[in-house]
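One structure is given below, encoded as C-alpha cells.
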Amino acid sequence: MPEDVTSQSRNCFKTIEAALKEAGLAMADIVRATYYLTDVRDADAHFAVCGEVLGEIRPAATLLVVASLVKPEMKVEIEVTAKRRSA
C-alpha cells in the first residue's frame, strides 16, 4: 500500500474505475462520493487527486474524518454510488 494519501487516493480511484467498468459503467456515472480520511490535514492533497480524476464530474460528496480505517497504514477510503444513464 502506498504511504502517502495522494497515492492512496489515486489507487482507490483506479479500483473504483475497474469496478465500474466491470459493471458496464464509467467514472462519469458517479453521482455520489463519500471520502473517509484519517487526518484532516490530508484533505487538500486528497481533493487535488479528486480534481485530477473526476475533472468535470461533480458528484454530491461528503468528507468524513475518522479515527482509523481497517489497517493502520490506510489514510483514505472512497465509496461511490453510480447511476446508469438511460440511452
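The values are calculated or read from the model by the stated rules, or taken from the named source; none is laboratory data. What you see is a predicted model; the values in this text were computed from it and never measured. Here the Cβ positions follow ideal geometry from the backbone for every residue, glycine too, while neighbour counts run over all protein chains shown. Protein only, heavy atoms only, side chains kept; ligands, DNA and RNA dropped before computing areas. Shrake-Rupley method; radii C 1.70, N 1.55, O 1.52, S 1.80 Å.
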| message | Cβ-Cβ distance below 7 Å, separation of 6 or more or different chains: which pairs start in the range 44-62 with a residue that is within 16 Å of Lys14 (Cβ to Cβ) and end on one that is basic (Lys, Arg) and open to solvent by 60 Å² or more (accessible area, probe 1.4 Å)? | response | Val49/Arg10
| How many of the residues in the range 69-87 are surrounded by 10 or more Cβ atoms within 10 Å (Cβ to Cβ) and over 17 Å from Glu17 (Cβ atoms)? | 4
| Qualifying residues in the range 22-77 (those that are among the charged types (D, E, K, R) and in contact with a helix residue (DSSP H, G or I) (Cβ under 6 Å, 6 or more places away or on another chain)) - the one farthest from Pro2 (Cα to Cα) | Asp42
| request: Within the range 79-87, identify whether any single residue is touching a Phe, Trp or Tyr at 6+ places or on another chain (Cβ under 8 Å) and among the polar types (S, T, N, Q), and answer yes or no. | output: no
| said: Name the residue that is surrounded by the most Cβ atoms within 10 Å (Cβ to Cβ), counting only residues in the range 57-68 that are closer than 16 Å to Arg32 by Cβ and of a type outside the set (S, T, N, Q). | reply: Pro59
| remark: Within the range 1-28, residues open to solvent by 40 Å² or more (accessible area, probe 1.4 Å), of a type outside the set (A, V, I, L, M, F, W, C) and either touching a Ser or Thr at 6+ places or on another chain (Cβ under 8 Å) or in contact (Cβ under 8 Å) with a residue 40 or more places away in the chain (or both) come out as Glu3, Asp4, Arg10, Gly24
